[in-house]
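Right, one structure below, let's go through it.
The values are calculated or read from the model by the stated rules, or taken from the named source; none is laboratory data. These figures come from a predicted structure and were not determined experimentally. Reconstructed Cβ throughout: ideal geometry from the backbone, glycine too, with neighbour counts over all protein chains shown.
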Amino acid sequence: MAGMLAGTALSSAQSLPSVVEAAVARHPEVLALSANRKAVGEELNAARGLALPGVNVEAAKGIYDDDNTTQSYKEWSIKLRQPILDGGKAWSETTRQTERVNSARSRVADTANTIGLQVVQAYLEVLRARMVANIARSNLKTIKGIVGRVDRRVKGGGASKADLEQARSRLFAAHNSEAEASINLLDAEALYLTITGTRPGKLGTVKLSAGNLPGSIDQAVEMAMGASPKILAMQSDAAAAEAAIGTAKSAIMPTLDLELSANHRDRIVGTSAANTNYKAMLVFRMSLYNGGINLARIREAGYRAEEAQNMVEATRINVEREIRLAWNAYKGSPQKV
């Protein structure tokens, strides 16, 4: 956007690129989506941890009391668990969360583009409203002078009262136009304030660099299909939904873990010796039946993936329609009188 629009003005004026950049950087919608992107990034870090070893420590100390003795007592245990086979859960979850990060990043870009466009529209509207207001004030001043001259000519017998009434009607219309232009300027400045968070100061003029635009509508559509953040976000959502099928299937797959553990229990006076033991075990686990929950979740994930893929196609259609309408408006604007 900044490449297509160039602001030219005195150094003290607010240029369009700088206003867009500042407004996007502090807009709450952009900040909210940026925070969401960071949160999803932490979910990716958590998914990567599924393939890493886990270590748990448990320790307890207290009083042991029975009919024979009362004594201080403690026990502790430590266990290390390293997944060897997990049914593809770690890979599927890492893939899913990676695509969710990509989607969140694209949504930040899409919202930033939307906010940036709103800022551009507000900026241009203030420039237009100021120009119209200046013209209206100048026109009012000119017509006041005309009315004064006609009035003097009427008094001197050089013009009729009908001429004066006609001049006064034009003055009345000029007053209305000036008032309407002033209200429109206030509205434009209010819109600018709500979108950018600042009041419009001295704004630079803007020129559209048509050389950065696509050469044809087909080129514009092709560029949008490959670079639109909205489409990219939906494509990442579809890839994440596809990876979720693997996560769901991992629940019915066998798993194999290496577990290393050490345990200690104090000796209880008169009944046993202290007990310290060490274990190294390969642990096999597999869910054989849980009421059909796992199979239902696999089917659900498949339908979610189908839904996401159709949403990609729907988004492509919507983006292409918006591009074609915008292109037609751009090409048709010079023909308007």
Residues of the stretch 135-169 being modelled with pLDDT of 90 or more and buried (at least 17 other Cβ atoms within 10 Å of the Cβ), which ones?
-> Ala136, Leu140, Ile143
Only residues that are over 18 Å from the mean Cα position of the chain (by Cα) and farther than 21 Å from Leu203 by Cα: list them for the stretch 95-131, please.
-> Thr95, Arg96
If you take the residues in the stretch 97-144 that are out of contact with any Lys or Arg (no Cβ under 7 Å at 6 or more places or on another chain) and among the acidic types (Asp, Glu), which one is nearest to Ala241 (Cα to Cα)?
-> Glu99
Are there any pairs, at least 6 apart or on different chains, whose C-beta atoms fall under 6 Å, with the first in the stretch 53-69 and under 10 Å from Ile268 (Cα atoms) and the second modelled with pLDDT under 90 and surrounded by 10 or more Cβ atoms within 10 Å (Cβ to Cβ), and if so, which?
-> Tyr64/Gln71; Tyr64/Tyr73; Thr69/Val269
Examine the stretch 71-91 for a residue that is among the β-branched types (Val, Ile, Thr) and farther than 30 Å from Phe284 by Cα, and state whether such a residue exists.
-> no
Of (1) exposed (fewer than 14 other Cβ atoms within 10 Å of the Cβ); (2) closer than 30 Å to Ala227 by Cβ; (3) among the aliphatic types (A, V, I, L, M), Ile115 satisfies every one except (1)
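Could you run through the stretch 43-65 and say how many residues are charged (D, E, K, R) and surrounded by 11 or more Cβ atoms within 10 Å (Cβ to Cβ)?
So the answer is 2.
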For the stretch 110-150, name all the residues that are without any contact (Cβ under 8 Å) to a residue 60 or more places away in the chain and small (Gly, Ala, Ser).
-> Ala133, Ala136, Ser138, Gly145, Gly148
Regarding Leu185, is this residue closer than 30 Å to Asn328 by Cα, assigned to a helix (DSSP H, G or I) and over 27 Å from the mean Cα position of the chain (by Cα)?
-> yes
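The rows are residues; the columns are (1) over 30 Å from Asn68 (Cα atoms); (2) touching a strand residue (DSSP E or B) at 6+ places or on another chain (Cβ under 6 Å).
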{"residue": "Gly246", "(1), (2)": "yes, no"}
{"residue": "Met253", "(1), (2)": "yes, no"}
{"residue": "Glu259", "(1), (2)": "yes, yes"}
{"residue": "His264", "(1), (2)": "no, yes"}
